[in-house]
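The values are calculated or read from the model by the stated rules, or taken from the named source; none is laboratory data. Note that the structure is a prediction, hence the values are computed from the model and not measured. Reconstructed Cβ throughout: ideal geometry from the backbone, glycine too, with neighbour counts over all protein chains shown. Accessible surface areas use protein heavy atoms only, side chains included; no ligands, DNA or RNA. Shrake-Rupley method; radii C 1.70, N 1.55, O 1.52, S 1.80 Å.
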Amino acid sequence: MKKTVLFLLIGLAVACAPKKAVSSPDGSIVVLFSLSDEGQPEYAVSVDGTPFIGQSVLGIETSAPLNLKNGFRLESSKVTSHEEKWSQPWGENKEILDRHNELEVKLANEYCSLTLRFRAFNDGVGFRYEYGIPSEAKESIVITDELTQFNIAQDGFSWSIPAHFDSYEQEYRELLLSELENANTPMTFRTDDGLYGSIHEAALVDFPEMTLKNVDGILTAAPAPDGPNNLEQKAVVSGTFKTPWRTIQVGRKAVDLINSSLILNLNEPCKLKDVSWIKPGKYVGVWWGMHLGLYSWGKDARHGATTERAKQYIDFAAANNIDAVLFEGWNDGWTVANADHDFDFTKPAPDFDLDAVLAYAREKGVDYIIHHETAGEVAWYEQQLEKDLDYAAERGIHALKTGYAGWLLDGHYHHSQYGVRHYAKVASEAAARKIMVDAHEPIKETGLRRTYPNFMTREGARGMEWNAWSSGNKPSHHEILPFARLLSGPMDYTPGIFDIEYRSIAGNPDVKVWNNTHSSKCRVNTTLAKQIALWVTLYSPWQMAADLIENYEEHPAFQFFRDFDPDCDWSEALQGEIGEYIAIARRSGDKFFFGATTNEVGRTLEQPLSFLKPGVIYTATIYADALDADWQTNPYAYTIETRTVTSADTFTVVLAPGGGQAISFIPSSTP
């Protein structure tokens, strides 16, 4: 970033006028608004009296004969305060505090009015554009660019994936901020003076996603284009429109970013009148066997979703305190290798009797998650969407996993305005039928789960499947995700692979190459104990035990998943550093769960148990790396130990290289 651009806030002269300011409730964060000599809006942010975001330009560009970026004059401004506690049906925390001060700046030029709304929280800043354009102007205005700058005042390190408009499934990079050419968001960073930050957006409902690009040393918004054949168009808007919130989370410690509720607080309240049917849960399915190449999605002898196998998985779920089962490949329209793009979500495959499977699941008290793979054919999917959702709802199915594998959505980028509108439409139509959604190949989360809490979880990063047919995810990947991807919201990473080296399928002639690499050349790059801990550290309200059920049967360590409850009431990231390690505690009812994981470096943590309820005695069951465990050389070595503990105790948490530790705390008595 440009180190030469420094400024002093309140009390010192600023080159441009007029200027307005707003501070966070605790006074530590200050946002300063100003107009340049050309009438272009600008802003800056300080933290603890030190420049954090240097003077940065604001504005929108359009192909219409309208000026949306400068020539503005200040009409009025006001500062207001807001404080409320609100609750959500599920989440890392069910009770959320929204406490902020807002600066509303009303501007006008000869073409339009513009309200800039800045909200300062104790954990960061959000701002957005609200344009009003006279009715005689074009009804449909093409946005060609966004000029928003994030002029980070110091250099430092960043963690992000490259900007890409069709996929988030890329490896994270650790780069100097000054070396960062482009990035998708959340883009997380640590400045040279030790402050942490993350740039993202909130309430993305009718606009393309925002990525970042380096323009003359300053990170600048770069909205996703419509598609490869329409790169100029970023969005089509009406005369009155609002952008998503542009967000800057701030922390003195890395874990402060995880513990922030800023993104959720910048979304609209829940629009659903009844949320009683929205329930977190645990599930299993044949998905992992397909990625290993053991099963197929299509109509052949290796077809994974058969009636017989479905009943086996339902029996396993019922016997192991697991809420639901998922069967990809259940429907007609799959070929042996992949989709022939003629899916029918109202017609089961010949060897899958859906109604019989559903009846068996109801008898066993197990729910069913239906799967819709669209292969990116959104227009076709929307034509039959209501019929497909009605088909599921009529059968008592209340959970849906969607997929959009492949490049482009009908010629549009996944992350374009076209894609954003589609994902929102699916969530809305599903909500009308009391169906929860888990989206793969999605648009990124921006807190919309507050408004539509049936949008439970999504993929949106390199998940577990990469370990089945590539060099896999590095141990450090799991120590970046909570500080980057998961700042935006839950992720369906699908943890819990116990057969780290795929020994159970070694030499099996039925295993075929899937996605170019045979699974015999691959493995999971963690210890077994870390796979258990990931159920805690990588948050999702719907959490999968992804391995083949044969690898869980009679395995002592699977008891953690039986006891685990993803329906959190409270969560807190306790300690950690980006890309190095993370330790998180969660409470579900009167039970607590703890997870800690590390990168390629083994380490020992001292962890006070002060998060437990005082005065209660807990039975702690500890699933830990053995002393000789190592993700490369001895990944299966683990121990299980039981202790009696209280909130006054401190644990020494020993993590092997690429390892982890998970603990369940179940109340045993009160003094």
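Given (1) closer than 15 Å to G658 by Cα; (2) surrounded by fewer than 20 Cβ atoms within 10 Å (Cβ to Cβ); (3) out of contact with any Ser or Thr (no Cβ under 8 Å at 6 or more places or on another chain); (4) not hydrophobic (A, V, I, L, M, F, W, C), identify the lone condition not met by E580.
The single condition E580 does not satisfy is (3).
Which of the following residues is among the charged types (D, E, K, R), closer than 30 Å to S470 by Cα, out of contact with any helix residue (DSSP H, G or I) (no Cβ under 8 Å at 6 or more places or on another chain) and surrounded by fewer than 23 Cβ atoms within 10 Å (Cβ to Cβ): R252, R173?
It is R173.
For D37, indicate whether it is at pLDDT 95 or above, under 30 Å from D192 (Cα atoms) and either assigned to a loop (DSSP other than H, G, I, E, B) or open to solvent by 30 Å² or more (accessible area, probe 1.4 Å) (or both).
It is false that D37 is at pLDDT 95 or above, under 30 Å from D192 (Cα atoms) and either assigned to a loop (DSSP other than H, G, I, E, B) or open to solvent by 30 Å² or more (accessible area, probe 1.4 Å) (or both).
Tell me which residues, restricted to the stretch 630-664, are loosely packed, with under 14 Cβ neighbours inside 10 Å and among the charged types (D, E, K, R).
Of everything in the stretch 630-664, those that are loosely packed, with under 14 Cβ neighbours inside 10 Å and among the charged types (D, E, K, R) turn out to be E641, R643.
Quick grid of which residues meet (1) in a loop (DSSP other than H, G, I, E, B); (2) open to solvent by 50 Å² or more (accessible area, probe 1.4 Å); (3) of a type in the set (V, I, T); (4) in contact (Cβ under 8 Å) with a residue 40 or more places away in the chain:
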| position | (1), (2), (3), (4) |
| --- | --- |
| K271 | yes, yes, no, yes |
| G289 | no, no, no, yes |
| R309 | no, yes, no, no |
| D342 | no, yes, no, no |
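When you check G419 against the structure, is it out of contact with any Ser or Thr (no Cβ under 9 Å at 6 or more places or on another chain), open to solvent by less than 10 Å² (accessible area, probe 1.4 Å) and not in a strand (DSSP E or B), yes or no?
Criteria met by G419.
Considering only the stretch 69-79, I want to know if a residue exists there that is closer than 30 Å to R587 by Cβ and either among the hydrophobic types (A, V, I, L, M, F, W, C) or at pLDDT below 95 (or both).
For the stretch 69-79, residues closer than 30 Å to R587 by Cβ and either among the hydrophobic types (A, V, I, L, M, F, W, C) or at pLDDT below 95 (or both): absent.
Evaluate the stretch 56-73: report whether one residue or more is touching a residue at least 12 places away in the same chain (Cβ under 8 Å), aromatic (F, W, Y) and under 22 Å from K242 (Cβ atoms).
yes
Output yes when any residue across the stretch 588-602 is touching a residue at least 24 places away in the same chain (Cβ under 8 Å), open to solvent by 50 Å² or more (accessible area, probe 1.4 Å) and under 22 Å from S540 (Cα atoms), and no when none is.
Yes: one or more hits.
Taking the condition of a type in the set (A, V, I, L, M), over 20 Å from the mean Cα position of the chain (by Cα) and either under 22 Å from N473 (Cβ atoms) or part of a helix (DSSP H, G or I) (or both), does V601 pass?
Against the criterion (of a type in the set (A, V, I, L, M), over 20 Å from the mean Cα position of the chain (by Cα) and either under 22 Å from N473 (Cβ atoms) or part of a helix (DSSP H, G or I) (or both)), V601 qualifies.
If you go through the stretch 78-88, how many residues are hydrophobic (A, V, I, L, M, F, W, C) and either open to solvent by 50 Å² or more (accessible area, probe 1.4 Å) or at positive phi (or both)? Break it down into steps so the answer makes sense when it comes.
Quick first cut of the stretch 78-88, residues hydrophobic (A, V, I, L, M, F, W, C) only: 79, 86.
Filter once more, keeping what is either open to solvent by 50 Å² or more (accessible area, probe 1.4 Å) or at positive phi (or both): 79.
Within the stretch 78-88, residues that are hydrophobic (A, V, I, L, M, F, W, C) and either open to solvent by 50 Å² or more (accessible area, probe 1.4 Å) or at positive phi (or both) number 1.
Just give me the residues in the stretch 47-77 being open to solvent by 10 Å² or more (accessible area, probe 1.4 Å) and under 34 Å from the mean Cα position of the chain (by Cα), in sequence order.
Correct list: D48, G49, T50, P51, Q55, V57, E61, T62, S63, K69.
Does Y368 satisfy being crowded, with 22+ Cβ neighbours inside 10 Å and in a strand (DSSP E or B)?
Here the answer is yes, as Y368 does meet what is asked.
Looking at D206, is it open to solvent by 10 Å² or more (accessible area, probe 1.4 Å), over 22 Å from R252 (Cβ atoms) and not hydrophobic (A, V, I, L, M, F, W, C)?
yes
Does A318 meet the test of being part of a helix (DSSP H, G or I), modelled with pLDDT of 95 or more, touching a Gly at 6+ places or on another chain (Cβ under 7 Å) and within 30 Å of A431 (Cβ to Cβ)?
yes
Listed here are the residues, each with its yes/no results for (1) open to solvent by 10 Å² or more (accessible area, probe 1.4 Å); (2) hydroxyl-bearing (S, T, Y); (3) out of contact with any Pro (no Cβ under 9 Å at 6 or more places or on another chain).
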| site | (1), (2), (3) |
| --- | --- |
| F165 | yes, no, no |
| D193 | yes, no, yes |
| N214 | yes, no, yes |
| G227 | no, no, yes |
| A235 | no, no, no |
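Got a number for residues in the stretch 501-529 being free of Cβ contacts under 8 Å to residues at least 24 places away in the same chain and assigned to a loop (DSSP other than H, G, I, E, B)?
Step one: filter the stretch 501-529 for residues free of Cβ contacts under 8 Å to residues at least 24 places away in the same chain, giving 503, 506-507, 509, 520-521.
Still in the running and assigned to a loop (DSSP other than H, G, I, E, B): 506-507, 509.
Within the stretch 501-529, residues that are free of Cβ contacts under 8 Å to residues at least 24 places away in the same chain and assigned to a loop (DSSP other than H, G, I, E, B) number 3.
Filtering the stretch 535-570 down to residues that are among the small types (G, A, S) and within 24 Å of T619 (Cα to Cα), which residue is surrounded by the fewest Cβ atoms within 10 Å (Cβ to Cβ)?
A557
Under 30 Å from E95 (Cα atoms) and not in a helix (DSSP H, G or I): does that describe G615? Reasoning before the result, please.
On the way: under 30 Å from E95 (Cα atoms): yes; not in a helix (DSSP H, G or I): yes.
For G615, the condition - under 30 Å from E95 (Cα atoms) and not in a helix (DSSP H, G or I) - is met.
Go through the residues of the stretch 611-622 one by one and say whether even a single one is touching a Phe, Trp or Tyr at 6+ places or on another chain (Cβ under 9 Å), in contact (Cβ under 8 Å) with a residue 60 or more places away in the chain and not acidic (D, E).
Yes, there is a match, as at least one residue in the stretch 611-622 is touching a Phe, Trp or Tyr at 6+ places or on another chain (Cβ under 9 Å), in contact (Cβ under 8 Å) with a residue 60 or more places away in the chain and not acidic (D, E).
For a quick check of your reading of the model, give me the residue pairs whose first member lies in the stretch 118-132 and is over 18 Å from G197 (Cβ atoms) and of a type in the set (S, T, Y), whose second is surrounded by 24 or more Cβ atoms within 10 Å (Cβ to Cβ) and modelled with pLDDT of 95 or more, with beta-carbon atoms closer than 6 Å and at least 6 apart or on different chains.
Close Cβ pairs (under 6 Å, with a partner that is surrounded by 24 or more Cβ atoms within 10 Å (Cβ to Cβ) and modelled with pLDDT of 95 or more) amount to Y129/T243.
Test each condition in (1) closer than 30 Å to R503 by Cα; (2) open to solvent by less than 50 Å² (accessible area, probe 1.4 Å) for A319 and report the one that comes out false.
Here A319 meets the rest and fails (2).
Criterion first (in a helix (DSSP H, G or I), open to solvent by less than 10 Å² (accessible area, probe 1.4 Å) and either β-branched (V, I, T) or modelled with pLDDT of 95 or more (or both)) does I532 satisfy it?
So I532 fits the description; yes.
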